[in-house]
1. So in the stretch 119-150, with the set limited to residues that are in a helix (DSSP H, G or I) and more than 16 Å from the chain's Cα centre (by Cα), which one is surrounded by the most Cβ atoms within 10 Å (Cβ to Cβ)?
2. Would you check which residues across the stretch 30-45 are touching a helix residue (DSSP H, G or I) at 6+ places or on another chain (Cβ under 8 Å) and touching a residue at least 40 places away in the same chain (Cβ under 8 Å) and list them?
3. Test residue 81 against the stated conditions and say whether it is under 18 Å from residue 8 (Cβ atoms), in contact (Cβ under 8 Å) with a residue 60 or more places away in the chain, crowded, with 22+ Cβ neighbours inside 10 Å and out of contact with any strand residue (DSSP E or B) (no Cβ under 6 Å at 6 or more places or on another chain).
4. Determine whether the stretch 70-84 contains at least one residue that is assigned to a helix (DSSP H, G or I), within 19 Å of the chain's Cα centre (by Cα) and closer than 24 Å to residue 138 by Cα.
5. Of everything in the stretch 26-38 that's under 22 Å from residue 110 (Cβ atoms) and not in a helix (DSSP H, G or I), which residue is nearest to the chain's Cα centre (by Cα)?
6. Do we have residue 102 as touching a residue at least 60 places away in the same chain (Cβ under 8 Å) and outside any helix (DSSP H, G or I) here?
7. Restricting attention to the stretch 7-38, which residues are at pLDDT 90 or above, surrounded by 24 or more Cβ atoms within 10 Å (Cβ to Cβ) and farther than 25 Å from residue 71 by Cβ?
8. In the set 101, 88, which member is at pLDDT 95 or above and out of contact with any strand residue (DSSP E or B) (no Cβ under 7 Å at 6 or more places or on another chain)?
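The values are calculated or read from the model by the stated rules, or taken from the named source; none is laboratory data. What you see is a predicted model; the values in this text were computed from it and never measured. When we count neighbours, we look across all protein chains shown, and the Cβ atoms used for this are built from the backbone with ideal geometry, even at glycine.
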């Protein structure tokens, strides 16, 4: 009975949208109402409040860390560990506490990956940082990191099909959530990191 409850708890933890929580606490506009409309750290940064963006980033990443770390401490079998990793990511993307309107999952996925296997997490994070530094486009960095993560997992974790499946599923979810960003990239309309807020509905 414990493993299913932990999967549910992971989803509920993921449903805590720190972009909205931090913005409300600091008296800022709801991040769903400006920029890309995405409740995530990159969009919060468009408010001009770097501290708010940093707190959002840390909070969202810690959701993934805590969920997977607790599952590991309780020695869950790998299929259940994989389910917890996916559940916390799904919670962030479709949060029950915020009408199922959530973020794109990059920070939470990073926390998950770093806790599942620090090597896989560091490779994905390194790809994100490199692409962000070169192009200053958060979505492009996220897309390339999402592709890199399952490749790194397949290479570094042979014999762990459940974990590979979880990383592959999370990567697929990230790609799906960035579909509009990909279309914007192709059209040359994607916003860069740190650009000021625009009207809601514009991706970035």
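1. 131
2. Within the stretch 30-45, the first condition is being touching a helix residue (DSSP H, G or I) at 6+ places or on another chain (Cβ under 8 Å), and the residues that meet it are 30-32, 34-45.
32, 34, 35, 36, 37, 38, 39, 40, 41, 42, 43, 45 - these are the residues of the stretch 30-45 that are touching a helix residue (DSSP H, G or I) at 6+ places or on another chain (Cβ under 8 Å) and touching a residue at least 40 places away in the same chain (Cβ under 8 Å).
3. yes
4. Looking only at the stretch 70-84, we keep the residues that are assigned to a helix (DSSP H, G or I), and these are 70-73, 78-84.
Cutting the leftovers down to within 19 Å of the chain's Cα centre (by Cα) gives us 70-71, 81-84.
From what is left, the residues that are closer than 24 Å to residue 138 by Cα are none.
No, the stretch 70-84 contains no residue that is assigned to a helix (DSSP H, G or I), within 19 Å of the chain's Cα centre (by Cα) and closer than 24 Å to residue 138 by Cα.
5. The initial filter retains those residues of the stretch 26-38 that are under 22 Å from residue 110 (Cβ atoms), namely 31-32, 35-38.
Now restrict to residues that are not in a helix (DSSP H, G or I): 35-38.
On the way: 35: 18, 36: 15, 37: 15, 38: 12 Å.
The residue in question is 38.
6. For residue 102, the condition - touching a residue at least 60 places away in the same chain (Cβ under 8 Å) and outside any helix (DSSP H, G or I) - is met.
7. Listed by number, the residues that qualify are 22, 23, 31.
8. On the way: 101 fails: at pLDDT 95 or above.
One residue alone meets the criteria, 88.
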